[in-house]
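Read through the structure below, which is laid out as structure tokens, and then see the notes.
Where a number appears in this text, it was derived from the coordinates with a stated rule and is not lab data. In this text the structure is predicted, and so the values were computed from the model without any measurement. Neighbour counts run over all protein chains shown; Cβ positions are idealised from the backbone, glycine included.
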């Protein structure tokens, strides 16, 4: 099962990069495979453990050292935002942030259900920090792109002319 978990990790990385270009099929596949990662790595042996719901300020501050969560959820926010064509108006921004936070919650439940890692609700704090980092990153990149009329390779502009030519 370890080799299958490694294959899922590699595949989700590739799908995540494709999803950044707004490909919805890659985004949905990423989410499904991401939620299947823990059951696969546990060999589909479920050993439910309780989730830690309560924490204090020192633990909350300590959880901000969880840089992998921060980076991964910034990336996940950007992927989700790509599904809305990086629209920074209120509704797509809120929906992207809510989807990223829901994914964090589902992953914590997944960890608790399989007994893999620890189901801690305080992990939603660095997830939220990652979402804020993602919002800032998407905003900066969108601003740069709009000022320089930059388009990704192999994309066409709205008038039909090729981008980056």
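Exactly one residue out of 16, 50, 34, 22 is assigned to a loop (DSSP other than H, G, I, E, B), in contact (Cβ under 8 Å) with a residue 60 or more places away in the chain, out of contact with any strand residue (DSSP E or B) (no Cβ under 9 Å at 6 or more places or on another chain) and crowded, with 17+ Cβ neighbours inside 10 Å, and it is 22.
With respect to the stated conditions, residue 76 fails to be part of a loop (DSSP other than H, G, I, E, B) and closer than 27 Å to residue 135 by Cβ. Please find, within the stretch 1-13, the residue that is nearest to residue 121 (Cα to Cα) out of those that are without any contact (Cβ under 8 Å) to a residue 24 or more places away in the chain and within 16 Å of the chain's Cα centre (by Cα). The selected residue is 13.
Being touching a strand residue (DSSP E or B) at 6+ places or on another chain (Cβ under 8 Å) and touching a residue at least 40 places away in the same chain (Cβ under 8 Å) is a property that does not hold for residue 85. Residues in the stretch 118-141 that are farther than 22 Å from residue 86 by Cα, part of a helix (DSSP H, G or I) and in contact (Cβ under 8 Å) with a residue 24 or more places away in the chain: 121, 122, 123, 125, 126.
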